[in-house]
Amino acid sequence: MQDLHDVAHAYRDAASSLTAYRLSDTCLAMGASLGNRAIWVNSKSTGAIERIFSAQLGESLFGSVSIRYGLTASALHARCDGDDQASSGRSYVGLQADGPGTVEIHPAYQRRAMSIAGSIDVTETLFVPLGAATTPHADAPTAHVRITLANRGASTQHVRVSGFARLRGSLPANVCARYDQRLGALVAWNEGMPAAVRVFGSNRQPTRYATTVDFGSAYDPTHLHALAGASDDHGDILGSLQFDLTLEPGASDAFTLTCAAYATGEHEALRSYEHLSSADDALTATIAYLEDIAKIAQVLTPNRHINEGALWSKVNMRRVMSDYPQGRAFTNEPGVSSNVVGRDAAWFVYGNDHFMPGFSRALLDKLAQVQYPDGKIPECYNAIDGSVADDGLNINDDTPLFILAVNHHFRASGDLDWLRRIYPAVARAARYIVSVTDDRGLVWCTAHDPRGNVWAIASWRNVIDRYTINGAVTEINAECAAALRAVAHLAENVARDSAEIEEFSAASRRIGDAMNFHLRNPENGLYYLNIDVDGNVHTDVTGDQVFPVMFRVCDEETGFRIISRLNAPDFWTSAGLRTVSRNDPLYDPSGNIGLLGGVWPGLTWWYAFAAARYHPEFMVTALGASFQHYAADPKKNNTVPGQFGEYFDGESLINRGMRLSPWEPPRFLWAAVEGVCGLMLTTGLPRINPLVPANWKWVALRNLPYHGRSLSYFATRERGTFRIYATGVVESDFASEVYDEDVSDSVSVFSDTAAVVALRREDGIVLLIANVGGRTANVPVSIGPLLNASATYDLRMYNSEHDAWEAGTLGSGGDFGAIAVSVESEGYRLVELRPQNAMPLDGVPMKPTVGREKSPVIA
């Protein structure tokens, strides 16, 4: 096997938009987390399933699911099993992998490849089906393990494959099971809980089956005994399926183990199981579906890690979107908790509005539904039974963030009818905020619980033992000032009277002015953490300083000062921003969920967004470095490449939280789209002003959902200034060109370091060919489907290395159907093709180049 060391290597097939990772199977401390609308699956570093969680029940229905392999052996070398002898005359010796194998972490699956017995290649592909809601059997509550065996030896091999599934999950140890001969599957349920049904089966009839309480039989290193052919054991049981195969030299075989977790009772469960798509079809459909949705809000920049992070952020978001009894949502700890937290939902909306805005709307509508009568938004609601909790806080970030998320969603969607429907809930929330301001105009949290922790912390950092953040909190006041400012704009859009608009606008100004008068520290020009309910001033400088900058409550000078202060070594690490200074007396890099010194990627991306208008290079570093950390030495760092872990130890930078955090991916996409790509949402035309380092020559964003249509654009630095090319009219500080459609999907690119965007209008095509690699690349491109082979075109090219248009040439569509360009590292070539006699971008008619050979290759 190839030595892949400790680093996960990213790769992308030229024909695919999906980036995957490949690494040695010795380099993972845990496996991938996979999910769909029905289930959540965690896997182990061995590739085995760890557990399968049902969103409908809020419980795990399966525990570990493992697979063992065995090979026939002479009775002289192994103790024979009587059952084996009776059925086949063979005994089987259990086998381990010959050595390290490889693991592929793909958006659609996790695949482990290894060798056994010196001559048999084995792959195990674990996946859950994903698809559009309208697709039959999409997002079925099933986890599939596709097993492929290939005999590359010269001898016939008799192989035994046994699958073992712990059928209890997180439910009581009173599981019963029966074998369904027609389905070739074990069907299991809990006594007294008939709705919770598991089906453990295969697309191949098992040789034998069993249930057992003998867990040791699943990992006996010497023997792989024949199963009993009975399902009498009950309690905390393993369901087991056995498959005996014969592999001739050069032959291969494949079959699938399926774990189905139903919440509908046995009759409906078996009916659904019978009608499942084949695993092969389900995997093909899942990959195709992910290929399609990966193209939504496709971020393309000279920084490969930002591009990969944006792609994987969408994969991660899609995995956590579930259908619960209370509706579509994601919970604060998939596979464990069924609580939907207000702040997490709001921040999810910020990123997901650029991806699957229908899900954003479902979250916001539900928050409005569970709103308290006085207007406050709960801290959380339970996605199973709908119960709500506020942790005893009269105010925290949930209420203002709900308003801000509604504002974001309206600006992204432009849906005025929806805004009119939800506006009453927004106005109630806004008036509730005003009701908890004090005489100074500051929003005031009264919580004073001696336990500290969530009952006395008005902050996103709300899980710190024996700690309080109450009174006038800078973070909360900044959010409330921004929320009330947003409500004034929303009121104007739904045509409320001028008095109501001014009510909210004045309230926003009042909080902002009070905050800048009372909460600013004259000693350093930064903000206090808070003034607590006892009047104590807390001057702690923490990552929470980003909020006044992010929500534009502070002046530019203060914002610059904050961004510069947080960029100092006591805050900054190679994986991102610490929550508090390393010099803080309370600094605890690993405890308190990282909230007193750990590195939270989400905070890093808030910082990236806040820093963009002051130091674009800080933003690029923050986004690229933090995502790259997930793939750097994943075993040491306790990460899975491509998955957004929750937080890192502030010193060792080891992931101490969830292996896939649901709230981190959308913040990354939000910062990439609205920060790097420079998109500003408005109630009218999109505004585009890229916020990129001075040495960046290009940036692009494709297939962005905006006001009910899809927007694509790219920006190229030409002669010292940007020019915007877009599939619609945009506002910008830079000159722009308007095209009718994005035709990039009709272009074939034969380079894994190239980013290509093609736009078309009646008078021609413009093609961005950019290089995301670290060295000059030759990029072959096929654009034949976009051209009329018999028509004559003027072709010319802008060379970013020369910062100028090069002399053009005339040729037929057939001549220009396949071109190749050489592009310097992080540079671009802009290829313009126009039917002859059309006017080029700079308005100067092109002249034929006398004596120049018409060539499909352009240097």
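Using only the heavy atoms of the protein chains and a 1.4 Å probe, how would Glu826, Glu523, Glu492, Glu502 rank by accessible area, largest first?
Descending order: Glu523, Glu492, Glu502, Glu826.
Between segment 11-74 and segment 216-263, what is the C-alpha centre distance in whole Å?
If you average the Cα positions of each part, the centres end up 18 Å apart.
Solvent-accessible area of His275, probe 1.4 Å, all protein chains present, reported in Å² to the nearest ten, please.
Taking all protein chains as shown, His275 has close to 100 Å².
Using a Cα-Cα cut-off of under 19 Å, which aspartates and glutamates could be cross-linked to Lys635, ignoring same-chain neighbours fewer than 8 residues away?
Once the sequence-local aspartates and glutamates are set aside, what remains near Lys635 is Asp3, Asp6, Asp25, Glu50, Glu104, Glu646, Asp649, Glu651.
What is the sum of charges around Glu664, taking Lys and Arg as +1, Asp and Glu as -1, for the other residues whose C-beta is under 11 Å from the C-beta of Glu664?
Every neighbour counted, the sum reads -1.
Could you work out the helix-only [θ] at 222 nm for the chain, with each DSSP H run of four or more residues adding -39,500 (n - 2.57) and the total divided by the number of residues, to the nearest 500 deg cm²/dmol?
Rounded to the nearest 500, it is -7500 deg cm²/dmol.
I'd like to check one number: the per residue accessible area of the chain, probe 1.4 Å, reported in Å² as a whole number.
35
Report, in whole Å, the centroid distance computed from the Cα atoms of segment 649-710 and segment 340-392.
22
Looking only at the chain, where both bridge partners belong to it, what percent of the DSSP beta bridges are antiparallel (to the nearest 5)?
In the chain, approximately 95 percent of DSSP beta bridges are antiparallel ones.
Report, by chain and number, residues whose modeled amide H sits under 5 Å from the one on His223, excluding near sequence neighbours (fewer than 5 apart, same chain).
Long-range HN contacts for His223: Gly94.
Could you compute the net charge surrounding Ala758? Neighbours are other residues with a C-beta less than 13 Å from the C-beta of Ala758; K and R count +1, D and E count -1.
Charge balance in the 13 Å sphere: -1.
How would Met515, Met193 line up by accessible area, probe 1.4 Å, largest first?
Ranking Met515, Met193 by accessible area, largest first, yields Met193, Met515.
Rank Asp374, Asp391 by accessible area, highest first, at a 1.4 Å probe radius?
Sorted descending by solvent-accessible area, the residues read Asp374, Asp391.
Put +1 on the Cβ of each Lys and Arg and -1 on the Cβ of each Asp and Glu in the chain; which of Leu95, Val473, His409 then has its Cα farthest toward the positive end of the dipole?
Leu95
Which listed residue (Val756, Tyr109, Pro666) has the Cα farthest towards the positive end of the charge dipole for the chain, taking +1 on Lys and Arg C-beta and -1 on Asp and Glu C-beta about the Cα centre?
Highest projection toward the positive end goes to Val756.
Rank by packing, highest mean first: peptides 606-612, 532-538, with packing defined as the count of other Cβ atoms within 10 Å averaged across residues.
606-612, 532-538
Using the crude model of +1 on Lys and Arg Cβ and -1 on Asp and Glu Cβ, and no other charge, please compute the dipole size for segment 441-549 relative to its Cα centre, in debye to 20.
Value, rounded to 20: 120 debye.
Considering the dipole of segment 304-352 built from charges on the beta carbon (Lys and Arg +1, Asp and Glu -1) around the Cα centre, which of Asn332, Ala310, Trp347 is farthest to its positive end?
Most positive-ward Cα: Ala310.
Once the other residues with Cβ under 14 Å from the Cβ of Leu586 are scored (Lys, Arg +1; Asp, Glu -1), what is the net sum?
-2
I'd like the accessible area for Thr331, computed on protein heavy atoms only with a 1.4 Å probe and all protein chains in place. Round to 10 Å², please.
0
Where the only charges are on Cβ atoms (+1 Lys, Arg; -1 Asp, Glu), what is the dipole of the chain about its Cα centre, to the nearest 20 debye?
My answer is approximately 900 debye.
Can you tell me the relative contact order of the chain? Whole percent, Cα pairs under 8 Å, sequence separation 6 or more.
10
Please state the charge dipole magnitude for segment 253-407, taken about the Cα centre, from unit charges on C-beta atoms (+1 on K and R, -1 on D and E), reported in debye and rounded to the nearest 20.
The dipole magnitude comes to about 480 debye.
As a test question: what accessible area, to the nearest 10 Å², does Arg659 have when a 1.4 Å probe is rolled over all protein chains in place?
40
So, with a 1.4 angstrom probe, what is the percent of accessible area on the chain that is carbon and sulfur?
Answer for the chain is 50 percent, counting heavy atoms of protein chains only.
The values are calculated or read from the model by the stated rules, or taken from the named source; none is laboratory data. Please read all numbers here as calculations on a predicted model, not as lab measurements. When we count neighbours, we look across all protein chains shown, and the Cβ atoms used for this are built from the backbone with ideal geometry, even at glycine. For the accessible areas, the whole protein counts, side chains as well, though only heavy atoms, and no ligand, DNA or RNA atoms are used. Shrake-Rupley method; radii C 1.70, N 1.55, O 1.52, S 1.80 Å.
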